[in-house]
Amino acid sequence: MASDPAEKPDGVPSHPGVTPDPHRQPAPAINNVIPAQAGTQSTPLSCASVVEAQRHATRALSAAGVDNAPGDARRLLAAALVASAADLIRDPGRALTHAETAQFEAFLARRLAREPISRILGAREFYGRPFVVTPAVLDPRPDTETLIEAALAICRTEGWLNRPIQLLDLGTGSGAILLTLLAELPEATGLGIDVSGGALACARLNAGALGLSARCRFGRYDLAAASFSGFDLIVSNPPYIPAADIEALDPEVARFDPRLALDGGRDGLDYYRIILGKLAQHQTVSISPAWLVLELGAGQSAEVIEIAEKLGLIHAGHDVVQTADLNGRIRCIAIKTHPANLQQKNLETP
Ligand SMILES: C[S@@+](CC[C@H](N)C(=O)[O-])C[C@H]1O[C@@H](n2cnc3c(N)ncnc32)[C@H](O)[C@@H]1O
């Protein structure tokens, strides 16, 4: 999965042109969501300056336990004013209009309810590109960039950077992984599958916005029934949170990421068993090798490797690459299949 949702930072760039979700609850009035400081009068925000609005919001967000309250206040204010952070610094005394105040109030109320900024603004930057984020998809995580790096390193080693390879993304969500790889591999084509129709709609939207629709397809399939045949590179960030742990995650994750994108079963490893089981089957019937690259939850690498070992996927002669994140934790495993008939052929060729 896109990393460990429990740990995802919430930084998101503003994305002009993405309309906030109209189905959300109306925001309480600003004076209800922004407490006045003891001994001071609450300033009606319609008369507030940029610096006053930012200060009020920072105070309210801090009181609500939001990490990085000043940064979030700045980003929401900049989005409400359709301005940059630099604009806010340049003109701290500028008064908010009524319309800007209403928009800022609405954004702030949603953040106070612990909705992530990426969802409020409807967009997230992933591997340097903007992705639309809807309620149907996992908010793509910076951790998943580790999987992108691992997949691209394999493509470099295999000489695939400019080859017409075929990609398969299991549980594509917003399409962040598949579309990023297609953008980095100009000759590649790919299929993204998901059981969520809403996620596929989001992925198609992102493919169009990134100009990649001609090189990808999306389909509503259960990954347990997917065929790996004909693909050179199979990637997946599957749901991997143990079911009982989901409620205790940060509210930004537990309340706003779709459960379908988080729930990895009792021990969080259900999808690894399914995907690795399919890979083991695949190598007995396929005629060409393929790479599988999987994102792992923090602390899951030993258990996932044990599953792969039991399935005979990791033993002498197999290529296995483990990639750590910046904190040194293994967050990605890549396994190259050695199809049975190819192994047989190698045995016969001294
Ligand atoms: C952790 S999210 C990953 C989304 C995206 N690939 C990313 O990295 O941001 C897992 C995705 O798997 C999908 N999913 C869950 N069960 C599935 C299944 N049985 N078959 C296919 N997709 C499934 C979810 O809908 C969700 O979009």
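The values are calculated or read from the model by the stated rules, or taken from the named source; none is laboratory data. Everything numeric here is computed off the predicted structure, so don't read it as measured data. Cβ sites come from the backbone with ideal geometry, for glycine too, and all protein chains shown count toward neighbours.
Does R114 satisfy being out of contact with any Leu (no Cβ under 8 Å at 6 or more places or on another chain), in a helix (DSSP H, G or I), not acidic (D, E) and not assigned by TED's automatic domain parsing to the domain that holds L292? Against the criterion (out of contact with any Leu (no Cβ under 8 Å at 6 or more places or on another chain), in a helix (DSSP H, G or I), not acidic (D, E) and not assigned by TED's automatic domain parsing to the domain that holds L292), R114 does not qualify.
Could you say whether any residue in region 197-205 is in the same structural domain as W291 (by TED's automatic domain parsing) and either within 24 Å of V321 (Cα to Cα) or assigned to a loop (DSSP other than H, G, I, E, B) (or both)? For region 197-205, residues in the same structural domain as W291 (by TED's automatic domain parsing) and either within 24 Å of V321 (Cα to Cα) or assigned to a loop (DSSP other than H, G, I, E, B) (or both): absent. Could you go through region 290-300 and let me know if any residue there is touching a residue at least 12 places away in the same chain (Cβ under 8 Å), more than 15 Å from the ligand (Cβ to nearest atom) and under 23 Å from P339 (Cβ atoms). The answer is yes; a qualifying residue exists. Within the set V132, V82, the sole residue that is within 14 Å of the ligand (Cβ to nearest atom) and either basic (K, R) or in contact (Cβ under 8 Å) with a residue 24 or more places away in the chain (or both) turns out to be V132. Can you tell me how many residues in region 274-308 are out of contact with any Pro (no Cβ under 6 Å at 6 or more places or on another chain), polar (S, T, N, Q) and crowded, with 20+ Cβ neighbours inside 10 Å? The qualifying residues number 1.
Scanning region 186-193 turns up no residue that is outside any strand (DSSP E or B), in contact (Cβ under 8 Å) with a residue 24 or more places away in the chain, more than 16 Å from the chain's Cα centre (by Cα) and farther than 29 Å from I287 by Cα. Scanning region 206-234 for residues that are part of a loop (DSSP other than H, G, I, E, B), under 22 Å from the mean Cα position of the chain (by Cα) and in contact (Cβ under 8 Å) with a residue 60 or more places away in the chain turns up just one, L210.
Of the residues making up region 73-89, those that are assigned to a helix (DSSP H, G or I) and modelled with pLDDT under 95 are A85, A86, D87, L88, I89. Considering region 235-262, the residues that are free of Cβ contacts under 8 Å to residues at least 40 places away in the same chain and closer than 23 Å to R273 by Cβ include one that is nearest to the chain's Cα centre (by Cα), namely R259.
The residues on offer are D143, D139, and the sole one that is under 23 Å from W291 (Cα atoms) and either within 15 Å of the ligand (Cβ to nearest atom) or among the β-branched types (V, I, T) (or both) is D143. Residues of region 164-183 being in a helix (DSSP H, G or I) and within 7 Å of the ligand (Cβ to nearest atom), which ones? If the condition is that a residue be in a helix (DSSP H, G or I) and within 7 Å of the ligand (Cβ to nearest atom), then A176, I177 are the ones that fit. Go through P92, P70 for me and flag whichever is more than 16 Å from the ligand (Cβ to nearest atom), over 30 Å from L212 (Cβ atoms), assigned to a loop (DSSP other than H, G, I, E, B) and of a type outside the set (G, A, S). From the options P92, P70, the qualifying one is P92. When E115 is tested against (1) farther than 20 Å from G211 by Cβ; (2) surrounded by 24 or more Cβ atoms within 10 Å (Cβ to Cβ), just one condition goes unmet, and that condition is (2). For region 160-168, check the following and say yes or no: at least one residue is surrounded by 23 or more Cβ atoms within 10 Å (Cβ to Cβ), in contact with a strand residue (DSSP E or B) (Cβ under 8 Å, 6 or more places away or on another chain) and of a type outside the set (F, W, Y). Yes, region 160-168 has at least one match.
Which ones in region 254-273 are within 11 Å of the ligand (Cβ to nearest atom) and on the phi < 0 side of the Ramachandran plot? Of everything in region 254-273, those that are within 11 Å of the ligand (Cβ to nearest atom) and on the phi < 0 side of the Ramachandran plot turn out to be D257, P258, R259, L260, A261, L262, D263, G264, D270, Y271. Of all the numbered requirements in (1) touching a Phe, Trp or Tyr at 6+ places or on another chain (Cβ under 7 Å); (2) free of Cβ contacts under 8 Å to residues at least 60 places away in the same chain, P164 misses one, and that requirement is (1). Yes or no: region 315-328 includes at least one residue that is in a strand (DSSP E or B), within 18 Å of E145 (Cβ to Cβ) and within 16 Å of the ligand (Cβ to nearest atom). Yes, region 315-328 contains a residue that is in a strand (DSSP E or B), within 18 Å of E145 (Cβ to Cβ) and within 16 Å of the ligand (Cβ to nearest atom). Does region 85-99 hold any residues that are touching a residue at least 24 places away in the same chain (Cβ under 8 Å) and within 10 Å of V50 (Cβ to Cβ), and which are they? Within region 85-99, L88, D91, P92, G93, R94, A95, L96 qualify.
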